Amino acid sequence: MLRRDPRRCLTATATAGLLVVDAWFDVTTSQPGPELATAVVMAVCAERPMAALCTVLAVRALPSRTRDKAPDTDGSDLQVNAAT
C-alpha cells in the first residue's frame, strides 16, 4: 500500500473474502454454549469489521477510469507512420 501498487486491490479483496469465510466457518462449526458465543463475538467485533476495511481499501485501490481511459476504437487517436 505504501508504494501505491494497483495490485493491492487484489490482496485486499482476497483478504476480505477469507475473513468472511473464516467467520462463517467458525460460527457454523462451533459447539453450542461459550464456544459459539466466542465465535459470534469474534466474527462481529473483529473479522467482519476487518473485512469491511479491506473492502474499502480494495475499492479505493481500483484504477480510475478517467486516468486509465482506453483509446478510442474509431482510429482518431492513431498515428500514421509516413515510412510505411
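One table, with the values for the structure above:
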quantity: Options ARG48, ARG65: the member that is of a type in the set (Lys, Arg) and modelled with pLDDT of 95 or more; calculated: ARG48
quantity: Residue count for the stretch 19-38, restricted to those that are loosely packed, with under 15 Cβ neighbours inside 10 Å, in contact with an Asp or Glu (Cβ under 9 Å, 6 or more places away or on another chain) and among the aliphatic types (A, V, I, L, M); calculated: 0
quantity: Residues within the stretch 1-53 that are farther than 30 Å from SER64 by Cα and in a helix (DSSP H, G or I), tallied; calculated: 21
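The values are calculated or read from the model by the stated rules, or taken from the named source; none is laboratory data. This is a predicted model, so every value here is computed, not measured. Please note: Cβ atoms are built from the backbone with ideal geometry, for glycine as well, and neighbour counts cover all protein chains shown.
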